[in-house]
1. Being without any contact (Cβ under 8 Å) to a residue 40 or more places away in the chain and of a type in the set (K, R) narrows it down to one residue among R25, R52; which is it?
2. Filter the stretch 12-22 for residues that are modelled with pLDDT of 85 or more and among the hydrophobic types (A, V, I, L, M, F, W, C); which is least open to solvent (accessible area, probe 1.4 Å)?
3. Which residue is modelled with the highest pLDDT, if the candidates are limited to the stretch 23-70 and must be under 11 Å from the mean Cα position of the chain (by Cα), outside any strand (DSSP E or B) and among the basic types (K, R)?
4. Being among the β-branched types (V, I, T) and at pLDDT below 95 narrows it down to one residue among V3, V9; which is it?
Amino acid sequence: MKVALYARVSTADQKSLKSQMDEMRRYAQGRKWEIITEVKEVGSGGKTRPKREELMQMARRREIDCIIVW
């Protein structure tokens with residue numbers, strides 16, 4: 001299975017991006033899934049999330065089978 005990882009925090013000073021990514025990598029690797037891309041997004045409020053939309057487009061084009069979100 002081809003997957004993408006998506007982590008998001010609301011402020012740049014939050015240190016949880018690394019821990020989110022580490023945990024999602026372990027999850028995917030434990031299932032022997034292929035990680036195609038990893039996306040980190042920082043932003044507070046706002047309804048537009050360009051990197052998330054990019055992942056959705058990849059899924060629609062069937063470039064990935066699944067998006068793992070923390």
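The values are calculated or read from the model by the stated rules, or taken from the named source; none is laboratory data. The structure displayed is predicted, hence computed values, not measured ones. When we count neighbours, we look across all protein chains shown, and the Cβ atoms used for this are built from the backbone with ideal geometry, even at glycine. Heads up: the accessible areas ignore ligands, DNA and RNA and are worked out on the full protein's heavy atoms, side chains in. Shrake-Rupley method; radii C 1.70, N 1.55, O 1.52, S 1.80 Å.
1. Only one candidate qualifies: R25.
2. Checking each candidate, the answer is M21.
3. The residue in question is R25.
4. Among V3, V9, only V9 is among the β-branched types (V, I, T) and at pLDDT below 95.
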